[in-house]
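To keep things clear, I will list the structure first and then write my remarks on it.
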Amino acid sequence: MSVLEVRAVSHGYGAGTGRVEVLHDVSLAVGPGEFVALAGPSGSGKSTLCHLAAGLESPERGEVTVAGRPADQVTDWAVVAVVPQQHGLLAGLSVADNVCLPAYRAGSDPAPTLAALAEALDLSTFTRRGVLETSLGEQQRTAVARALVLSPRLAVLDEPTGHQDDDHVVQVVAALAAAARSGTAVLVATHDQRVWEVADRVVRLDEGRVIV
Ligand SMILES: Nc1ncnc2c1ncn2[C@@H]1O[C@H](COP(=O)(O)OP(=O)(O)OP(=O)(O)O)[C@@H](O)[C@H]1O
Ligand SMILES: [Mg+2]
């Protein structure tokens, strides 16, 4: 059974003459351990689909479920975790506390996972620093670590390599592939061919429609 199921979703924003239709009858399923890349031109609806999969928005038509429940009712980061395109980190917290926040909420001990993720994503030298005192690429890798800290059933990542140099792209992609190997369903919106190459499947959106 799929972890993420998007069934016949149509979605847009606004009303009247300001209305924008974004997604048209989109269906997509991602199974446990599957690594799916979402490709498509700017404005094709990748972030919108990520928001729906992560339950940050509710579909106007159709259905989005994660682990059998409506995505917009799932608030548990052990079930679905997200890296928004703008990272969504908490400014008042350190890098380490941002990464560990889902574990603190879940009442689990994040120490071993934090150490492993900090090593894998090259965060170790600045984990104690305030997150705003790090570079944009470092913040992005912090958000990736936060998404993976609880080994969620589904991880949704919107352009997680956009601020990375070549070496760090390799690290981010390896961390996502490792998460998928351990059973996480991974959905990554990306323009980055290096992510498409390791994905099990590339789903292409064009003007809000799935074309492959
Ligand atoms: N809140 C909103 N109100 C109105 N239009 C919106 C809103 N959010 C997104 N859109 C429009 O929906 C369309 C799809 O946006 P989306 O952010 O999903 O694209 P994307 O594929 O992620 O693009 P990019 O590659 O640039 O990140 C765009 O035309 C965008 O302008
Ligand atoms: Mg986007």
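Where residues in the stretch 6-31 are out of contact with any helix residue (DSSP H, G or I) (no Cβ under 9 Å at 6 or more places or on another chain) and under 30 Å from ARG181 (Cβ atoms), which of them is farthest from ligand 1 (Cβ to nearest atom)?
For the stretch 6-31, the residue satisfying everything is GLY31.
Please count how many residues of the stretch 33-51 are away from ligand 2 (no atom under 13 Å from the Cβ) and either over 15 Å from the mean Cα position of the chain (by Cα) or within 13 Å of ALA189 (Cα to Cα) (or both).
Qualifying residue count, the stretch 33-51: 3.
Per-residue answers, yes or no, for (1) part of a helix (DSSP H, G or I); (2) within 16 Å of ligand 1 (Cβ to nearest atom):
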site	(1), (2)
GLY33	no, no
GLY43	no, yes
HIS51	yes, yes
GLU63	no, no
ALA78	no, no
HIS87	no, yes
ALA91	no, no
THR125	yes, no
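For (1) modelled with pLDDT of 95 or more; (2) within 16 Å of ligand 2 (Cβ to nearest atom); (3) in a loop (DSSP other than H, G, I, E, B), each residue gets a yes or a no:
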residue: LEU157; (1), (2), (3): yes, yes, no
residue: GLY162; (1), (2), (3): yes, yes, yes
residue: VAL169; (1), (2), (3): yes, no, no
residue: VAL173; (1), (2), (3): yes, no, no
residue: LEU176; (1), (2), (3): yes, no, no
residue: ALA179; (1), (2), (3): yes, no, no
residue: GLY183; (1), (2), (3): yes, no, yes
residue: LEU187; (1), (2), (3): yes, yes, no
residue: LEU205; (1), (2), (3): yes, yes, no
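Of the conditions (1) closer than 24 Å to ILE211 by Cα; (2) more than 17 Å from the chain's Cα centre (by Cα); (3) not acidic (Asp, Glu), VAL30 clears all except one; give me its number.
For VAL30, the exception is condition (2).
Could you list, in sequence order, the residues of the stretch 52-92 that are among the hydrophobic types (A, V, I, L, M, F, W, C), away from ligand 2 (no atom under 16 Å from the Cβ) and surrounded by 14 or more Cβ atoms within 10 Å (Cβ to Cβ)?
Those that are among the hydrophobic types (A, V, I, L, M, F, W, C), away from ligand 2 (no atom under 16 Å from the Cβ) and surrounded by 14 or more Cβ atoms within 10 Å (Cβ to Cβ): VAL64, VAL66, ALA67, ALA71, VAL74, TRP77, ALA78, VAL79, VAL80, ALA81, LEU89.
When the residues of the stretch 189-203 are narrowed to those that are outside any helix (DSSP H, G or I) and away from ligand 1 (no atom under 16 Å from the Cβ), which ends up farthest from ALA120 (Cα to Cα)?
Looking at residues that are outside any helix (DSSP H, G or I) and away from ligand 1 (no atom under 16 Å from the Cβ), I get ARG201.
Show the residue pairs that are 6+ apart or on different chains and have beta-carbon atoms under 7 Å apart, the first residue being within the stretch 144-171 and β-branched (Val, Ile, Thr), the second being assigned to a loop (DSSP other than H, G, I, E, B) and away from ligand 1 (no atom under 16 Å from the Cβ).
Pairs that qualify, where the first residue is β-branched (Val, Ile, Thr) and the partner is assigned to a loop (DSSP other than H, G, I, E, B) and away from ligand 1 (no atom under 16 Å from the Cβ), are VAL144/LEU121; VAL149/PRO110.
Does THR190 satisfy the condition of being out of contact with any Pro (no Cβ under 6 Å at 6 or more places or on another chain) and without any contact (Cβ under 8 Å) to a residue 60 or more places away in the chain?
no
For the list (1) farther than 15 Å from GLU34 by Cα; (2) buried (at least 17 other Cβ atoms within 10 Å of the Cβ), I need the number of the one condition that ASP166 fails.
(2)
The values are calculated or read from the model by the stated rules, or taken from the named source; none is laboratory data. For clarity, every value in this text was computed on a predicted model and none was experimentally measured. Quick reminder, even Gly has a Cβ in these numbers, built from the backbone with ideal geometry, and neighbours come from all protein chains shown.
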